[in-house]
Amino acid sequence: MKLSGIEVLDFSQFMPGPTLGATLADHGARVIKVEPPAGDPARRDPAGPGDFLAACNRGKQSLCLDLKHPQGLRVALALAARADVVVESFRPGVAERLGLGYAALSALNPRLVYCSLTAFGQTGPLRDLGGHDSVVQALGGSLPRAADGTPITGGVPVSALVGSLTGLAAILMALLRVKDSGVGDYLDIALHDSLLNARPYALRRALGQAHDTAMPAQEDLAMLGAYRCADGQWLCLGGRELHFCRRLFTPLGRPDLIPCAVGPGGRGQQVVRDFLERTFASDSREHWLGWLDAHQVSAAPVLDLGQALRHPHVQARAMLLEDEQGATHYAGALRFRNEPCNPDLHVPRLGEHNDLLLAELGLDADARDALYRSGALVRAPDEDDVRGRPPLGR
């Protein structure tokens, strides 16, 4: 596969870094997940370990190591000396205090590509602020809002996903440069930076607003809105270009609404939204989707995740995979015609690969036992330990 021969040392936890690592593993990289004695917090997800852990960590090898122990640090340094990539998501300054910062590791391995993936980056007044996706979206001006302006949390973790993809792109570019120069690089990837870059259409408009004025959101455009039909089901319009507006409003007898529909979003489009709400509420979603399709107006039903996963398009794209235990996984979104990925769906037990990795570093059984006794290395749990081998969701 594309990344065969690339070795990645993954110190990250939670979602952005582990998702990045899982993508690299899907395409052939060897990804070594270095976990603390308690394991990645995903193994203790209160919602139940399984899908989240699997999606972010499948195909990796797990090494359970106490990085604060001198001998644990020594093992990590030995692995970094041979790695191609390091991914870490510590708070700024923590990796340096542990002895695992870029300066220390690049001195051992000048070819190393070192990716720090944090909420707000390594510099700036927010550098030390921790937080999950909702905090990043709040400070990035991207939390969706209800009709009354109430911020909505708990949706798709957009900043985590965009940040992960930004880190992936940066790592691959840096690896290409290493091939030519033999010199690695340090990557400071911030979820907040990545989120801001995900809204290029809003940049100048937002900077032109008064500080106390909310910028009209993309969802304030009537032709991109969601509407309830007579049967209680929802549909969503998906195109505001002039040709879509003509195809919709002319046969409905309201061509006078076209200039407003293609104009700026916000309150000025309320008359268009009111008309569309009344129109779609007059019949079932099935009726209106058929009508919209016949008139070549972009639209789709609003589905929940279960309905989306059962959609024929998902099956046609082979977006769901099944492991040996019959559990379901998402397939990767990166598609190559000539060399498609063949993901390893195995989710490692905590510390499952301790002995394998240490043996590769030249430590015999006695030396490994000494590390276990010292506490620098933690033994893998038994096969039936649910925290070590979480059940995958179906």
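The values are calculated or read from the model by the stated rules, or taken from the named source; none is laboratory data. What you are looking at is a predicted structure, and each value in this text was computed from that prediction instead of being measured. Cβ sites come from the backbone with ideal geometry, for glycine too, and all protein chains shown count toward neighbours. With ligands, DNA and RNA removed, areas are computed over all heavy atoms of the protein, side chains included. Shrake-Rupley method; radii C 1.70, N 1.55, O 1.52, S 1.80 Å.
Things to note:
- Where helices (runs of 4 or more DSSP H) fall wholly inside region 67-177, the ranges with 2 or more residues that are among the aliphatic types (A, V, I, L, M) and open to solvent by less than 20 Å² (accessible area, probe 1.4 Å) are 70-82.
- Evaluated against (1) under 20 Å from the mean Cα position of the chain (by Cα); (2) of a type in the set (F, W, Y); (3) over 19 Å from A160 (Cα atoms), Y102 falls short on exactly one condition, (1).
- Among the residues examined, A29 qualifies as touching a residue at least 24 places away in the same chain (Cβ under 8 Å), in the same structural domain as I171 (by the TED database) and either buried (at least 23 other Cβ atoms within 10 Å of the Cβ) or not aromatic (F, W, Y) (or both).
- Of all residues in region 356-385, those satisfying the criterion of being open to solvent by less than 70 Å² (accessible area, probe 1.4 Å) and assigned to a helix (DSSP H, G or I) are L357, L358, A359, A365, A367, R368, D369, A370, L371, Y372, S374.
- Applying the criterion of being touching a helix residue (DSSP H, G or I) at 6+ places or on another chain (Cβ under 8 Å) and closer than 18 Å to E35 by Cβ to the residues of region 345-355, the residue that is most open to solvent (accessible area, probe 1.4 Å) is D355.
- Residues in region 26-42 that are assigned to a loop (DSSP other than H, G, I, E, B) and not small (G, A, S): H27, P36, P37, D40.
- Condition broken by A308, with the remaining ones in (1) touching a helix residue (DSSP H, G or I) at 6+ places or on another chain (Cβ under 6 Å); (2) surrounded by fewer than 15 Cβ atoms within 10 Å (Cβ to Cβ); (3) of a type in the set (G, A, S) satisfied: (1)
- Enumeration of residues in region 1-25 that are open to solvent by 10 Å² or more (accessible area, probe 1.4 Å), in a helix (DSSP H, G or I) and not β-branched (V, I, T): P16, A25
The rows are residues; the columns are (1) of a type in the set (A, V, I, L, M); (2) in a helix (DSSP H, G or I); (3) more than 26 Å from G155 (Cα to Cα).
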site	(1), (2), (3)
F244	no, yes, yes
L252	yes, no, yes
L257	yes, yes, yes
D283	no, no, yes
A300	yes, no, no
Q307	no, yes, no
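- Any hit, region 312-330, residues being part of a helix (DSSP H, G or I) and surrounded by 13 or more Cβ atoms within 10 Å (Cβ to Cβ): yes
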